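Comments concern the structure below.
Values in this text are rule-based calculations from the coordinates and carry no lab data. Everything quoted here is computed from the prediction, not taken from an experiment. Every residue, glycine among them, receives a Cβ derived from its backbone with ideal geometry; neighbour counts consider all protein chains shown.
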Amino acid sequence: MRATNMKNTNSMTRLFLAPMVAVVLLLLTGTAFAATPGITGPSFNLTAQPAFITQPDGSLVYSWGYGCTSAPSGFAPASIAGGTCSNMQVPGPTLIVQQGQPVSVTLTNNLPVSAGNTSILFPGFIVTTSGGVAGLLTQEAAPGNPVTYTFTATTPGTRSYYSGTQGDLQVEMGLYGAIIVVPSGIPAACTSGVHSSNEAAQASHGEGNFRLAAAAYNHAGACYDREYLFQFSEMDPRIHREAEEQSTRTCTGCLNVATEPYVPAYFMVNGRSMPDDMDGNYAPQYPHQPYNGNPHMHPGELVLLRIVGQGRWQHPFHEHGNHVRVLARDGNLILSATDPNSLAGPLLFTTTTTPGQAIDGIFYWTGKGMNWDEYGHGAGVTTATCTPDENGYNTGSPSAINYFEWCQDHNKPMQAAPFGSVGGGGPVTLPDPNILANGAWYGGSPYLGPDATIRAVGSTGTTPPSGTVANSPTDEAGFAFMWHSHNEREITTNNVFPGGMLMMMMVDSREFVIDETN
Ligand SMILES: [Cu+2]
């Protein structure tokens, strides 16, 4: 799906939704969102060991992952519920530390003896080791034994960590994760102005604050209102099968698995493929894949995307709806060469990840320029007024249901003769939703707004079609933007579409409370 600007993106999304909206409806079976869940330190006791991870085609894939040897000192964000850290997970636990903290990670090697040594690299930090045995890139943990890595979290940002031992095999098997350093200083701009208004708007609708901090870096340009971490990777099941077959060998380090030719069949967001990635964090059906990919936002919020390329391929990930403004790569804030107060990161159409590289970027969406009243707040179920600020948005009252509406489009109906109570008389005649699709594949609305059920059943019907009963539109009211790899084979699971590296960004109306408890 290509889009060159926000306006086109909206129309593309409308076209896209015709066949795909039912998929969205089927998938959104509960309130399952994500912040940036992880474990807090500054001391971590990790293990590397095998387990099976699950994919949507029903396969169980033998993998290796980092996990916790015992309960971690805490989970973050503090408000997240149901946090777990099992003894093996893919990706490994997200390590969340504060800038300036001395960090200690003790890794115990519980991989099969035949796998030999293992280790962790922490690129971007000056690491001191104790224990273990000498390896090519760092000290390694021999089978059954520990090694300890210590470093100071000197600079903020998102970075990857991964095995420094036989990386072609061990990273492929799942030995990777992310570390986030929360900045020590939060610029005043991040807790005032639009950011405090956005926070007040969230609070007035009963939404908690699930950020790790108000800024990603010690810079006024790095403020944000909501955040998500996405780690992209892929797996070749042949490699995993051969590693499993040889895992019972009793000789030390004698595993002999060819990592070429490389033919991956699974393409994952945080270790899960679509649709599994849209289930909740810590969902019990994924005991070794605790993190999801299910971004939400309200118009006007700045959403921090922490994007990490794991695995060994590049992934041209496309965030539909708008470009992503890059803040930093590998924890290095990109500043103007002539004005260090200005950020100079590019606006990217696809945030293409390089293996091991992390990108911090800001995604922003307001609905400006759509040319219709985006949630029908002008003449729909809810009647609201829109008073433009100097930028054209309704920001005077954070508790308003149409806070941050683009006022120029206020009261502009989209459809000529819509079902339901949204305003009519617009320029568009959408196909009759009753003939657009049937049953579970019923579409019905270009957005899943508060009127969607009425629109779906028409003015006289009372029973919503299949798919809207279990997924009442009153529970979800947003524009769905497909966020996916632009290497289109990567949006398959074992060559079947849809699947793989794909999720939906939901831009929700204020009626819809974004609950990121887990
Ligand atoms: Cu696309």
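Some observations on this one:
- Among 188-194, 497-503, 82-88, the peptide with the highest mean count of other Cβ atoms within 10 Å heads the list, and the full ranking is 497-503, 82-88, 188-194.
- Close amide-amide hydrogen proximity is noted between Tyr176 and Tyr66, Gly92, each under 5 Å apart and 5 or more residues distant or on a separate chain (H modeled in the peptide plane; Pro and chain starts excluded).
- A simple spin-label model places the labels of Thr191 and Leu60 4.9 nm from each other, with each point 7 Å out along Cα-to-Cβ.
- Amide H to amide H distances under 5 Å link Ser43 with Ser104, where only residues 5 or more positions off or on other chains count and H is placed in the peptide plane.
- At R0 = 35 Å, FRET efficiency that the Cβ-Cβ distance of Ala81 and Ser43 yields, to 0.05: 0.90
- Here the gap between Ala200 and Glu488, fully extended at 0.36 nm per residue and compared with their Cα-Cα distance, gives a gain of 99.7 nm.
- For Leu229, the residues whose modelled amide H falls within less than 5 Å of its own, excluding neighbours fewer than 5 places apart on the same chain, are Arg306.
- Charge tally around Gly280: other residues with Cβ under 12 Å, Lys/Arg +1 each, Asp/Glu -1 each, net -4.
- Phi angles of segment 255-266 translate, via the Karplus equation with coefficients 6.51, -1.76, 1.60 and θ = phi - 60°, into HN-Hα couplings of 4, 9, 10, 6, 9, 9, x, 10, 10, x, 10, 10 Hz per residue; Gly and Pro are given as x.
- Net length available on complete extension from Thr383 to Ser130 is 84.6 nm, with 0.36 nm assigned per residue and the Cα-Cα distance removed.
- Considering only Cα atoms, the convex hull volume of segment 38-183 works out to 110 Å³ per residue.
- Extension gain (nm, one decimal) between Arg238 and Ala344, 0.36 nm per residue minus Cα-Cα: 33.9 nm
- Order by protection proxy (mean Cβ within 10 Å, highest first), peptides 226-233, 348-355: 226-233, 348-355
- The protection proxy used here, the mean number of other Cβ atoms lying within 10 Å of each residue, ranks peptides 288-300, 253-265, 362-374 as follows, highest first: 288-300, 362-374, 253-265.
- Normalised by the number of residues in segment 38-183, the mean separation of alpha-carbon contacts (under 8 Å, six or more apart) gives a relative contact order of 27 percent.
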